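The values are calculated or read from the model by the stated rules, or taken from the named source; none is laboratory data. Keep in mind that this is a model prediction, so the values were computed, not measured. All Cβ positions, even for glycine, are placed from backbone atoms using ideal geometry, and neighbour counts span all protein chains on display.
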Amino acid sequence: MQAKAGRSSREPRIPVAYMDWKAEYSVENALIDKQHKALFDLVNEVAEKVKSGNLPEVKSVINRLATYTVEHFKDEEAIMIKAGYANLEDHEMIHAELLEKVQELQHKLANNQAVSLVAVIRFLSDWLKEHILKDDMAYKAAIKKIS
Ligand SMILES: [Fe+2]
């Protein structure tokens, strides 16, 4: 599904692998785990809305996802600050880059520019899983003392 009318014939119709939470994603902090699970649910919801083909609903869930991501990053960064996490700046930069991409996506959708929503879902699900497994796991030990 593309944001603009018409679908590229190269794009599969039902492309989406759903995000399943696994124990390996746990950073052993109740708040962060809860928020990560909620982000998984939101990405799944985006995928469902893309499958149903309802663009206004797709936009609405992406807006909710963007808002929630801002809140989550704020909470996660506050915990890293409290724990005195050494790689805070790098982690904040990674968060800022993702937010920039999501805001660019919101802008494109708001202006009815062509967007491959299949690629967006892949990007979001890959980003979230990889970010948790690599970047978030890196602070797991550091935040343990304040969890
Ligand atoms: Fe993070």
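Quick look at the numbers
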quantity: Every pair of residues 6+ apart whose Cβ atoms lie under 6 Å, when the first sits in the range 60-74 and is at positive phi and surrounded by fewer than 15 Cβ atoms within 10 Å (Cβ to Cβ) while the second is part of a helix (DSSP H, G or I) and not hydroxyl-bearing (Ser, Thr, Tyr); calculated: none
quantity: Selected residue [among the hydrophobic types (A, V, I, L, M, F, W, C) and within 15 Å of the ligand (Cβ to nearest atom)] from LEU124, LEU109; calculated: LEU124
quantity: The listed residue being part of a helix (DSSP H, G or I), more than 15 Å from the ligand (Cβ to nearest atom) and out of contact with any Phe, Trp or Tyr (no Cβ under 8 Å at 6 or more places or on another chain), out of ILE94, ILE62, ILE81; calculated: ILE62
quantity: Any hit, the range 33-46, residues being over 14 Å from LEU128 (Cβ atoms), surrounded by fewer than 17 Cβ atoms within 10 Å (Cβ to Cβ) and modelled with pLDDT of 95 or more; calculated: yes
quantity: The range 125-140 residues that are of a type in the set (Asp, Glu), paired with ones that are more than 10 Å from the ligand (Cβ to nearest atom) (beta carbon under 9 Å, 6 or more apart); calculated: ASP135/ASN87; ASP135/ASP90; ASP136/TYR25
quantity: Exclusive hit being touching a strand residue (DSSP E or B) at 6+ places or on another chain (Cβ under 9 Å), loosely packed, with under 14 Cβ neighbours inside 10 Å and of a type outside the set (Asp, Glu), set ALA119, ALA114; calculated: ALA114
quantity: Single condition TYR68 does not satisfy, out of (1) within 15 Å of LEU31 (Cα to Cα); (2) within 11 Å of the ligand (Cβ to nearest atom); calculated: (2)
quantity: Matching residues in the range 112-140 - criterion: being over 12 Å from the mean Cα position of the chain (by Cα), modelled with pLDDT under 95 and not hydroxyl-bearing (Ser, Thr, Tyr); calculated: ASN112, GLN113, ALA114, VAL115, LEU117, VAL118, ALA119
quantity: Residue in the range 97-106 that is farthest from the ligand (Cβ to nearest atom), counting only those that are over 10 Å from the mean Cα position of the chain (by Cα) and under 22 Å from TYR18 (Cβ atoms); calculated: LEU105
